[in-house]
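Single-structure report; data block below.
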Amino acid sequence: DGKLSRRETVENETDNLIPILARLCEQDKSVKRAFFCSPKVRHICKMSREGGFCGYRNIQMLTSYLRKSRSYGYEHFPEKGPTILDLQDMIESAWDMGFNSVGRTETGGIKDTRKFIGTPEVGFFSHI
């Protein structure tokens, strides 16, 4: 229609990847079974030389689902996904409130660090 539109892309994020993977698996006769998460999940991968931020990337994918599906707790997340620094703040706040506070003891804190997080920290986001 001749109208301009603006589209923002992020290097390590891909929308609508799950339906494409599902179609490819359906077409591949060697695939016997495949399980996929919701098509509302935005795929977010680690960037080159990023280190051990996979736990944070998992949380970012989880929050993408919460936002798109408008599931319980979605209002806690901005239109754009939380950054790693945002997530560190949220995890530290959860520890302050007593959620898996042993995580702080084990890590010595994660604020403004490149320390790994694990499943317990990701699990907190399912209780928001």
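Assorted remarks:
- Looking at 61, 47, 97, just one residue is over 27 Å from residue 20 (Cβ atoms) and either in contact with a helix residue (DSSP H, G or I) (Cβ under 7 Å, 6 or more places away or on another chain) or not acidic (Asp, Glu) (or both), and that residue is 97.
- When residue 18 is tested against (1) free of Cβ contacts under 8 Å to residues at least 24 places away in the same chain; (2) over 20 Å from residue 82 (Cα atoms); (3) of a type in the set (Val, Ile, Thr), exactly one condition is not met: (1).
- Tally, over segment 77-110, of residues that are under 25 Å from residue 11 (Cβ atoms) and either open to solvent by less than 30 Å² (accessible area, probe 1.4 Å) or not acidic (Asp, Glu) (or both): 13
The values are calculated or read from the model by the stated rules, or taken from the named source; none is laboratory data. Keep in mind the model is a prediction, meaning the values are calculated, not measured. Note that each Cβ is placed from the backbone with ideal geometry, even for glycine, and that neighbours are counted across all protein chains shown. To get the accessible areas, we keep the full protein, side chains included, count just its heavy atoms, and leave off ligands, DNA and RNA. Shrake-Rupley method; radii C 1.70, N 1.55, O 1.52, S 1.80 Å.
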